[in-house]
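Right, one structure below, let's go through it.
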Amino acid sequence: MDVDTKCVLCNRQTEDRGHLFFKCKDAIKVWEILRLEEHMEVLATSSGGAEAVSYILKVKEDVQMKLIVLLWQWWNERNRVREGEKRRGAEDLAYVIEKHAVEFLGIEKEAVVVPNKPVQRWRKPMNEKMKINSDGAFTADTGEGGWGYVIRDGDGMVL
């Protein structure tokens, strides 16, 4: 069985980690448009994934996000082309990378505000009436659920 090892993006070199992400002429264009060449050189000479990740985690947050999104999008582009889709140009891909990086940084910085709900305490009914409290729960995964209720009089006694 013949296995084609050529880079699916440039059809010139054997596709390995070094070529695909850092030496492929088309990848280099994207790195240049994003002005990340110095980081490309460091990552290209790293001894492996652990060293590359360690480097990425040490750079500024905005650069870090661009590097992560660039690597993700370039791998995604490679898979798209391999599956027969049309290849996007370097400028288009750089634009997508910038947009995703900005979006992801914005999401990370959005504060999730959880309102402080006051603890609700049982209040007795007015005018010697009874009060019924009920609750229920349902688990969608299992289709199981349950419910319950309690009836109390005006003094809080369970009936």
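Readers should treat all values here as calculations from the given coordinates under stated rules, not as data from a laboratory. These numbers come from a predicted model, not from an experiment. Glycine gets a Cβ as well: all are built from the backbone with ideal geometry, and neighbour counts include every protein chain shown.
Its DSSP H runs of at least 4 residues, each contributing -39,500 (n - 2.57), put the calculated 222 nm mean residue ellipticity of the chain at -13500 deg cm²/dmol, to the nearest 500. For residue 58, the lysines whose Cα comes closer than 26 Å to its Cα, not counting residues fewer than 8 places off in the same chain, are 23, 29, 66, 99, 109. Considering only 46, 54, 134, the Gaussian network model of the chain with Cα springs below 10 Å gives its largest mean-square fluctuation to 134. Over all Cα atoms in region 17-109, the spread is summed up by Rg and Dmax: 12.9, 37 Å. Among the trypsin sites (Lys or Arg not before Pro) found in region 1-79, those both in a DSSP coil and sparsely packed, with 15 or fewer other Cβ atoms within 10 Å of their Cβ, are 12, 35, 58, 60. Would you list, by chain and number, the aspartates and glutamates whose Cα falls below 19 Å from the Cα of residue 124, excluding same-chain residues fewer than 8 positions away? Of all the aspartates and glutamates, those that pass the test against residue 124 - Cα under 19 Å, at least 8 places apart if same chain - are 135, 153, 155.
In terms of overall dimensions, the C-alpha atoms belonging to the chain reach 87, 43, 30 Å along their principal axes, ordered largest to smallest. Here's the picture: charge each Lys and Arg Cβ at +1 and each Asp and Glu Cβ at -1 in the chain, and of 22, 119, 89 the one pushed furthest to the positive end of that dipole is 119. For the pair region 20-55 and region 60-76, the centres of their Cα atoms are 10 angstrom apart.
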